Amino acid sequence: MSDRSDIERVRDAVDLVALISEYVPLQPKGREWVCVCPFHDDHKPSMNVVTHKEHAFYKCFSCGVSGDCFTFVQEYLKKDFGEALRFLADRTGIELSNSQHNEDTNQLRKKIRKAMEWAQNKYIDALATSEGISVTETIRRRGISDESMKMFAIGVAPDSWTFLSDMIGTIEDRIETCLEAGLIKRKESTSRIYDTFRNRIMFPIFDETGSPIAFGGRRINEEDEPKYINSPETEIFHKSQTLYGYHLARHTIQAEKKVFVVEGYTDVIACHQVGVANVVATLGTALTPKHADKLSRVCDEVTLVFDGDEAGQRAADRAVEVFFAKNIDVKICVLPEGKDPSDLAKSKEDLLRCFSASVDAIAYKLQRLDASLQTTETIAGKSKRIDAFIGELVRLGVGQLSGIKKPLVYERISELIKVPMDEIESLVSARSKTQSNPKQNVATNERKPTVSIDISRARQIAEHEFLGVLLFDPIESSAALREQDTKVHEEDFLEPIASNIAHCLLHKLYAGTTFTMQEILSDLDEQSGNQASALYFIGQRICEQNESVMLSVKMTMDAFKSSLEEKAIADEVRELKNYTDSGQRAKAAQQTLESIRKQKKRAV
């Protein structure tokens, strides 16, 4: 709970006229200000902003809304009260008494914001150089207009290791700020600094107010790897809750109550360029619950746009999982294979015609089930697929759906598999109890070695959590892996599917080649791809709990390495079964006991 004095200090410091005028044009009228009300379909100025009372406030005499600076930020920017308080405190430079927002943190955030604005201007200025003019032509050839370049503040990082570093100079405070911002890096062996982004088209990533908080850099030379580099997470930038283009799309999203979520920067720009402005994109990661929460606060319908290949369909399945239980209608638009929105955005009409072919999430999943049933000939096979589908719906939370949604879902499933609706409901209910209280179905009296079971379970958790974090943020993971003295190999993973995923990930990470989840899924078979999708969310949860991806990588890596030692112990325990002579068995058992003691001692 925030200190009451914090609220009063922030409220007194905010210029309500300046705040509202950033989003809605204000006109003076006597001692007050008036504007068209942004909270209803207003055609004449009906909202007054009053500043000559004890506390400034606004009031609409048409729809009746009213409030102060906090209310405006909550209602217009769709933040909760805590977010509104921190937003306005940062804006006015007030240090909150809450220890999590101490002076050092606030000062660092301000410095990073200034560094990002400075870098953005330098990248834009670089377009005017001879090298930049050539890059501008490249951008135009990609179909991006000069107007869009200005709207999205596109720039260029020249082909230099020290473009920004030379301008930063030797002032240590500036260097530290730019290191924290991810604009530069320091070479440990020499302590020399160098630029993070080189020879790349620079796409600033903005917060909701239009301030740059990060960058995405696209390669200019097609042979350079990786294709995109994003800024690392900082005090002001968190990938799991940031959407590209949101600052420009928010007003249209709120007005039309719907949003289209695409996969790339240029897709967003192409859509905005033809007049479809309620379009945003994720930042090289899959959609997260925080993305879903943000969008569900400002609209009623989200359409997720994906490629038509198998990897795109698996990404769509993952996205449905994020949005399924939210109070928002979800649709899936699967594009023609090999096409993306920037290919289809020749005109507003063409693009909207393509988007209109979307189907709601349940219909999409039912279509996938129907297609799989069509290719399954046996009754037993069909039964297994239907059972797996019901299990997936239960896991997604179909039993907790509110209002009319639940019976509609049951009705559609009933029509597809030709089973009465009440039976579907009973099946879901029974399955929900089973999945929430799983029972072990072991029909044997054989007593298993307790240590083997414990090691196996711990090993599985360690493998899953480590891979999950690697999948969630390949950039930070790559840096953490390469810092370690010992290398991790795919052979270190006991679970076959985990080993498949590791085979796909590790050589990329050690080479410094970043990737998107869709690229990983396209390299995996269906079973491994489904497992990777589930592990991604495990990694996301771990990273959000620790509030640092680098820390999460190191923690899960340490747990994984510890489990490697446990694997060696488990192998020794299993070897005991190979001895039939009691003397040999006793000797081997003693060696195993000593090995376990050594491992435990090392762990302590």
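The values are calculated or read from the model by the stated rules, or taken from the named source; none is laboratory data. All values derive from a computational prediction rather than experimental measurement. Every residue, glycine as well, gets a Cβ built from its backbone with ideal geometry; the counts of neighbours run over all protein chains shown.
If we keep just the residues of the stretch 512-526 that are modelled with pLDDT under 80 and assigned to a helix (DSSP H, G or I), which is surrounded by the fewest Cβ atoms within 10 Å (Cβ to Cβ)?
So the residue we want is Glu526.
Out of the residues in the stretch 121-145 that are of a type in the set (A, V, I, L, M, F, W, C) and crowded, with 17+ Cβ neighbours inside 10 Å, which is nearest to Phe206 (Cα to Cα)? Don't jump to the end; show me each part of the working.
So the first thing to find is which residues in the stretch 121-145 are of a type in the set (A, V, I, L, M, F, W, C), and the list is 124, 126-128, 133, 135, 139, 144.
Next cut, crowded, with 17+ Cβ neighbours inside 10 Å only: 124, 126-127, 135, 139, 144.
Numbers: Ile124: 15, Ala126: 20, Leu127: 20, Val135: 22, Ile139: 20, Ile144: 19 Å.
The extreme case among them is Ile124.
Can you tell which of Arg219, Arg200 is surrounded by fewer than 22 Cβ atoms within 10 Å (Cβ to Cβ), under 25 Å from the mean Cα position of the chain (by Cα) and either in contact (Cβ under 8 Å) with a residue 40 or more places away in the chain or under 25 Å from Ala281 (Cβ atoms) (or both)? Write out each step before concluding.
Numbers: Arg200 fails: surrounded by fewer than 22 Cβ atoms within 10 Å (Cβ to Cβ).
Among Arg219, Arg200, only Arg219 is surrounded by fewer than 22 Cβ atoms within 10 Å (Cβ to Cβ), under 25 Å from the mean Cα position of the chain (by Cα) and either in contact (Cβ under 8 Å) with a residue 40 or more places away in the chain or under 25 Å from Ala281 (Cβ atoms) (or both).
Please go through the stretch 296-305 and pick out each residue that is surrounded by fewer than 24 Cβ atoms within 10 Å (Cβ to Cβ) and touching a residue at least 40 places away in the same chain (Cβ under 8 Å). Before the answer, list the steps.
The first filter runs over the stretch 296-305 and keeps only residues surrounded by fewer than 24 Cβ atoms within 10 Å (Cβ to Cβ), leaving 296-301, 303.
The answer is Arg297, Val298, Cys299, Asp300, Glu301, Thr303.
Looking at Ala84, is it free of Cβ contacts under 8 Å to residues at least 24 places away in the same chain, assigned by TED's automatic domain parsing to the domain that holds Cys60 and among the aliphatic types (A, V, I, L, M)? Before the answer, list the steps.
Working: free of Cβ contacts under 8 Å to residues at least 24 places away in the same chain: yes; assigned by TED's automatic domain parsing to the domain that holds Cys60: yes; among the aliphatic types (A, V, I, L, M): yes.
Taking the combined requirement at face value, the residue satisfies it.
Yes or no: the stretch 342-357 includes at least one residue that is small (Gly, Ala, Ser), under 19 Å from Leu416 (Cα atoms) and over 29 Å from the mean Cα position of the chain (by Cα). Even if it seems obvious, please write down each step before you answer.
Initially, the stretch 342-357 is screened for residues small (Gly, Ala, Ser), giving 342, 345, 347, 356-357.
Restricting the remaining residues to those that are under 19 Å from Leu416 (Cα atoms) gives none.
So far as the stretch 342-357 goes, no, none of its residues is small (Gly, Ala, Ser), under 19 Å from Leu416 (Cα atoms) and over 29 Å from the mean Cα position of the chain (by Cα).
Can you pull out the residues in the stretch 40-59 that are out of contact with any Pro (no Cβ under 9 Å at 6 or more places or on another chain) and buried (at least 17 other Cβ atoms within 10 Å of the Cβ)?
Filtering the stretch 40-59 for residues out of contact with any Pro (no Cβ under 9 Å at 6 or more places or on another chain) gives 40-46, 48-59.
Scanning the stretch 40-59 gives Pro45, Asn48, Val49, Ala56, Phe57, Tyr58.
Check the stretch 273-296 and report whether any residue there is assigned to a helix (DSSP H, G or I) and more than 18 Å from His247 (Cα to Cα).
Yes, the stretch 273-296 contains at least one residue that is assigned to a helix (DSSP H, G or I) and more than 18 Å from His247 (Cα to Cα).
Consider the stretch 39-63. How many of its residues are part of a loop (DSSP other than H, G, I, E, B) and closer than 26 Å to Glu8 by Cβ? Working first, answer last.
As a first pass, look at the stretch 39-63 and keep what is part of a loop (DSSP other than H, G, I, E, B): 39-46, 51-56, 61-63.
Remaining after also requiring closer than 26 Å to Glu8 by Cβ: 39, 51-56.
Qualifying residue count, the stretch 39-63: 7.
Of all residues being touching a helix residue (DSSP H, G or I) at 6+ places or on another chain (Cβ under 8 Å) and basic (Lys, Arg) in the stretch 284-332, which is modelled with the highest pLDDT? Just the residue, please.
Lys331
May I ask you to list the residues in the stretch 357-379 that are of a type in the set (Gly, Ala, Ser) and either buried (at least 16 other Cβ atoms within 10 Å of the Cβ) or not in a loop (DSSP other than H, G, I, E, B) (or both)? Step through it out loud before you land on a result.
Let us first name the residues in the stretch 357-379 that are of a type in the set (Gly, Ala, Ser), namely 357-358, 361, 363, 371-372.
Result: Ser358, Ala361, Ala363, Ala371, Ser372.
Only one of these conditions is not met by Glu349: (1) at pLDDT 80 or above; (2) surrounded by fewer than 16 Cβ atoms within 10 Å (Cβ to Cβ); (3) outside the structural domain of Gly308 (by TED's automatic domain parsing). Which number is it?
So Glu349 meets the others, but not (3).
Working carefully through the options Asp224, Asp166, Asp207, find the one that is among the acidic types (Asp, Glu), touching a strand residue (DSSP E or B) at 6+ places or on another chain (Cβ under 6 Å) and outside the structural domain of Cys271 (by TED's automatic domain parsing). Lay out the reasoning, then the answer.
On the way: Asp224 fails: touching a strand residue (DSSP E or B) at 6+ places or on another chain (Cβ under 6 Å); Asp166 fails: touching a strand residue (DSSP E or B) at 6+ places or on another chain (Cβ under 6 Å).
Residue meeting the stated conditions: Asp207.
Criterion first (in contact (Cβ under 8 Å) with a residue 40 or more places away in the chain, crowded, with 23+ Cβ neighbours inside 10 Å, β-branched (Val, Ile, Thr) and not in a helix (DSSP H, G or I)) does Val259 satisfy it? Give the derivation first.
Details: in contact (Cβ under 8 Å) with a residue 40 or more places away in the chain: yes; crowded, with 23+ Cβ neighbours inside 10 Å: yes; β-branched (Val, Ile, Thr): yes; not in a helix (DSSP H, G or I): yes.
Taking the combined requirement at face value, the residue satisfies it.
Given (1) more than 24 Å from Glu526 (Cβ to Cβ); (2) modelled with pLDDT of 85 or more; (3) among the polar types (S, T, N, Q), identify the lone condition not met by Ser402.
Among (1) more than 24 Å from Glu526 (Cβ to Cβ); (2) modelled with pLDDT of 85 or more; (3) among the polar types (S, T, N, Q), Ser402 violates only (2).
Ile501: assigned by TED's automatic domain parsing to the domain that holds Ala462, within 28 Å of Arg385 (Cβ to Cβ), without any contact (Cβ under 8 Å) to a residue 40 or more places away in the chain and crowded, with 21+ Cβ neighbours inside 10 Å, yes or no? First the steps, then the outcome.
Numbers: assigned by TED's automatic domain parsing to the domain that holds Ala462: yes; within 28 Å of Arg385 (Cβ to Cβ): yes; without any contact (Cβ under 8 Å) to a residue 40 or more places away in the chain: yes; crowded, with 21+ Cβ neighbours inside 10 Å: yes.
Yes: the conditions hold for Ile501.
Please determine, by comparing only the residues of the stretch 542-553 that are crowded, with 17+ Cβ neighbours inside 10 Å and of a type outside the set (A, V, I, L, M), which one is nearest to Gln484 (Cα to Cα). Spell out how you get there, then give the answer.
Of all residues in the stretch 542-553, those crowded, with 17+ Cβ neighbours inside 10 Å come to 542-544, 549-550, 552-553.
Restricting the remaining residues to those that are of a type outside the set (A, V, I, L, M) gives 543-544, 552.
Values: Cys543: 20, Glu544: 23, Ser552: 15 Å.
Among those that are crowded, with 17+ Cβ neighbours inside 10 Å and of a type outside the set (A, V, I, L, M), it is Ser552.
Report, by residue number, each residue of the stretch 553-574 that is among the polar types (S, T, N, Q) and either farther than 15 Å from Leu467 by Cα or at pLDDT below 80 (or both).
Taking the stretch 553-574 and keeping what is among the polar types (S, T, N, Q), we get 556, 562-563.
Residues satisfying the conditions are Ser562, Ser563.
Which of the residues that make up the stretch 263-277 are within 26 Å of Glu75 (Cα to Cα) and crowded, with 24+ Cβ neighbours inside 10 Å?
Val268
Could you grab the pairs with beta carbons closer than 6 Å, sequence gap of 6+ or different chains, first residue in the stretch 337-356 and in a loop (DSSP other than H, G, I, E, B), second one surrounded by 12 or more Cβ atoms within 10 Å (Cβ to Cβ) and at pLDDT 85 or above?
Taking only residues 6 or more apart or on different chains, the pairs are Asp340/Asp267; Ala345/Ala270; Ala345/Cys271; Ala345/Val274; Ala345/Leu351; Ser347/Val274.
For residues that are under 16 Å from Thr303 (Cβ atoms) and touching a Cys at 6+ places or on another chain (Cβ under 8 Å), tally how many sit in the stretch 225-253.
Going through the stretch 225-253 one residue at a time, the tally reaches 1.
Please list, ordered by first then second residue, the pairs with beta carbon atoms under 6 Å, 6 or more apart or interchain, first in the stretch 164-190 and under 22 Å from Ala126 (Cβ atoms), second of a type in the set (Lys, Arg).
Listed pairs, sorted by first residue: Ile168/Arg174; Thr177/Lys111.
In the stretch 68-166, which helices (runs of 4 or more DSSP H) lie fully inside it and hold 1 or more residues that are in contact with a helix residue (DSSP H, G or I) (Cβ under 8 Å, 6 or more places away or on another chain) and over 30 Å from Lys53 (Cα atoms)? Please lay out each step first, then the result.
Details: elements: 69-76, 81-92, 103-125, 130-141, 146-151.
Of the helices (runs of 4 or more DSSP H) lying wholly inside the stretch 68-166, those with at least 1 residues that are in contact with a helix residue (DSSP H, G or I) (Cβ under 8 Å, 6 or more places away or on another chain) and over 30 Å from Lys53 (Cα atoms) span 103-125, 130-141, 146-151.
Anything in the stretch 146-173 that is surrounded by 13 or more Cβ atoms within 10 Å (Cβ to Cβ) and under 17 Å from Ser342 (Cβ atoms)? List them, or say none.
Scanning the stretch 146-173 gives Ser148, Met149, Met151, Phe152, Ile154.
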